[in-house]
Amino acid sequence: MSTFRAKTLARLREQIRTLEKPGLSDRQALEFGDPAIDDELPGGGLASGCLHELAASAQDAAAYGLIAVLLGRLIGEAGVGLWCGLMPSGGPALPYGPGLARFGLPLERLVLVRARKPAELLWAMEEGLRSGRFTAVLGDGIAPDLTATRRLQLAAEAGGATALLAFPASERRSLRLSAATTRWRIAACPAVMPDRPRWRVCLERCRNGGRREWIIEWSHEALRLRVSAALADRPLAAAAV
């Protein structure tokens, strides 16, 4: 083989390796901290550089406690988060900081954006994901179509940030097409102790994974999640009976 041909092949192989995207199992993952959940997810947790959807009832404000936990853990000790939401018709309404801080969300490293319409919110999310300045970006209150979620997924891959979409749950929205890697349904559960809020968490969709359901609780004192024994590691269908 000529030297020129060998160099050309080597250059092409390098270009192919550059273009190839890593699989979910190769991405760094955010562990929930309990094997009952982490073992069900490819890579052992929420894959970074991906889009994940979180659906909860519009009347269930307590579900945002778990969303704050996940966003705070994605931000970590040195990252910066971006929270994008729609501006209410009555004027600016911001998340309640002291309440979110109790769930480990570092408010001093959280940037809030209020958009006037969904298109502006999606633009802010995409720009934030591609910028490389944010560890995690949350879009609050919208359930975009397949094309928009594909754009968010590509932006997350390009910037290396993790994208979260939180929106009110409904049967119509749960059936829509999406490019998200995972989709979760969250509902608050009665707490056994006042300082240990609980949620029922259903993994409704997981690329290369199954569907499961758990009850998990948060310890304000230990700042950690754990799976309650009541539904630990049971299939979604069995848990719904």
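The numbers here are math on the coordinates, done by the rules we state, and not lab data. In this text the structure is predicted, and so the values were computed from the model without any measurement. With ideal geometry, Cβ positions are generated from the backbone for all residues, glycine too; neighbour counts draw on all protein chains shown.
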### Task
At 0.36 nm per residue, minus the direct Cα-Cα distance, what do Ser131 and Ala78 gain on full extension? Give it in nm, one decimal, please.
17.4 nm
## Note on the structure
Taking a crude spin-label model, label points 7 Å out from Cα along the C-beta direction, the Arg150 to Leu223 distance in nm is 4.1
### Task
Based on other C-beta atoms within 10 Å, arrange Met87, Met193, Met125 from fewest to most.
Met193, Met87, Met125
### Summary
Expressed in Å to one decimal, the Kirkwood Rh of segment 45-240 from all distinct alpha-carbon pairs is 17.0
### Query
What percent does the relative contact order of segment 34-112 come to when contacts are Cα pairs within less than 8 Å and at least six residues apart?
32
### Dipole in debye (nearest 20) - segment 32-84, about Cα centre, beta carbon charges: Lys, Arg +1; Asp, Glu -1
220
### Message
I need the calculated FRET efficiency for the pair Ala158 and Val192, taking r as the beta carbon distance and R₀ as 41 Å, to the nearest 0.05.
### Response
0.45
## Note on the structure
Once the dipole of segment 45-240 is set up from charges on Cβ (+1 Lys and Arg, -1 Asp and Glu), the residue from the list Leu223, Ala55, Met125 lying farthest towards its positive end is Ala55
